[in-house]
Amino acid sequence: MHIKSLPITAVITDDEIIGSVSINTSALNDRFNQIKVDYTDLQNNSQANSVLSPDPIEDSTDIRTNYLNEDGGKVLESAFSLPGIFDPVTAKKVATLLLKKSRGQPLVALQISPIGINLAPGDFIRLNSACAGINEVFRVTDITLNPDGTVALNAMKHVPEFYDVSDTGQIFESQRPLLN
């Protein structure tokens with residue numbers, strides 16, 4: 001889905017922001033440079049199998065090497081067991097999605113005016129703050145309605161390219177700056 005076609009529920013500007021904006025990125029322990037997905041291989045009599053993303057044997061573009069360089073050489077691997085996946089292609093796509101999402105989705109926390117009362121987790125918002133230097137689309141992850149009518153909001157930056165898990169999507173995603 002192209003970012004211009006997203007259903008933006010609200011545009012949050014400096015006029016609606018109350019107080020400060022907190023921006024957090026993935027801590028080193030919360031991101032990975034390789035993901036292993038265990039799945040049920042139907043073509044092999046429903047035996048357990050696994051895939052790696054990026055696969056060290058098939059990694060002709062040095063994606064993992066680049067991720068390791070970004071992470072100061074520290075190996076950051078994780079394994080997920082997804083027995084509801086039945087083929088290696090889907091398992092590889094899910095592993096790639098998990099890898100990309102672990103590396104580059106900053107989180108924001110802010111308090112806003114009552115404009116946020118109608119928001120719900122899953123909604124897309126545009127955060128356009130000249131003070132914070134942000135003009136990006138975020139997906140709401142958590143909302144708290146405060147007694148004074150304001151709304152405490154947590155959201156995750158939406159990066160549409162992360163959801164491209166086709167063969168062309170198997171590329172190195174370097175860390176992106178959040179602030180302009």
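Looking at segment 118-139 only, could you name the residues that are more than 19 Å from residue 15 (Cβ to Cβ) and either among the β-branched types (Val, Ile, Thr) or part of a strand (DSSP E or B) (or both)?
Within segment 118-139, 124, 139 meet the criteria.
Is it the case that some residue within segment 87-96 is free of Cβ contacts under 8 Å to residues at least 24 places away in the same chain, open to solvent by less than 40 Å² (accessible area, probe 1.4 Å) and either part of a strand (DSSP E or B) or out of contact with any Cys (no Cβ under 8 Å at 6 or more places or on another chain) (or both)?
No, segment 87-96 has no match at all.
If residue 179 satisfies every condition in (1) modelled with pLDDT of 80 or more; (2) hydrophobic (A, V, I, L, M, F, W, C); (3) in a loop (DSSP other than H, G, I, E, B) but one, which is the exception?
(1)
Quick check on segment 121-142: of everything there that is more than 13 Å from residue 22 (Cβ to Cβ), out of contact with any His (no Cβ under 8 Å at 6 or more places or on another chain) and open to solvent by less than 40 Å² (accessible area, probe 1.4 Å), which residue is modelled with the lowest pLDDT?
133
Scan segment 140-154 for residues that are closer than 16 Å to residue 14 by Cβ and within 21 Å of the chain's Cα centre (by Cα) and report the count.
Matching residues across segment 140-154 total 1.
Against the conditions (1) in a helix (DSSP H, G or I); (2) open to solvent by 40 Å² or more (accessible area, probe 1.4 Å); (3) basic (Lys, Arg), where does residue 100 fall short? Just the number, please.
If we test residue 100 against (1) in a helix (DSSP H, G or I); (2) open to solvent by 40 Å² or more (accessible area, probe 1.4 Å); (3) basic (Lys, Arg), just (2) comes out false.
So how many residues does segment 9-53 have that are farther than 27 Å from residue 121 by Cβ, open to solvent by less than 80 Å² (accessible area, probe 1.4 Å), in a strand (DSSP E or B) and of a type outside the set (Val, Ile, Thr)?
Going through segment 9-53 one residue at a time, the tally reaches 9.
The values are calculated or read from the model by the stated rules, or taken from the named source; none is laboratory data. On a predicted model such as this, the values are computed, not experimentally measured, just so you know. With ideal geometry, Cβ positions are generated from the backbone for all residues, glycine too; neighbour counts draw on all protein chains shown. Quick note on the areas: whole protein, heavy atoms, side chains included, nothing else; ligands and nucleic acids left out. Shrake-Rupley method; radii C 1.70, N 1.55, O 1.52, S 1.80 Å.
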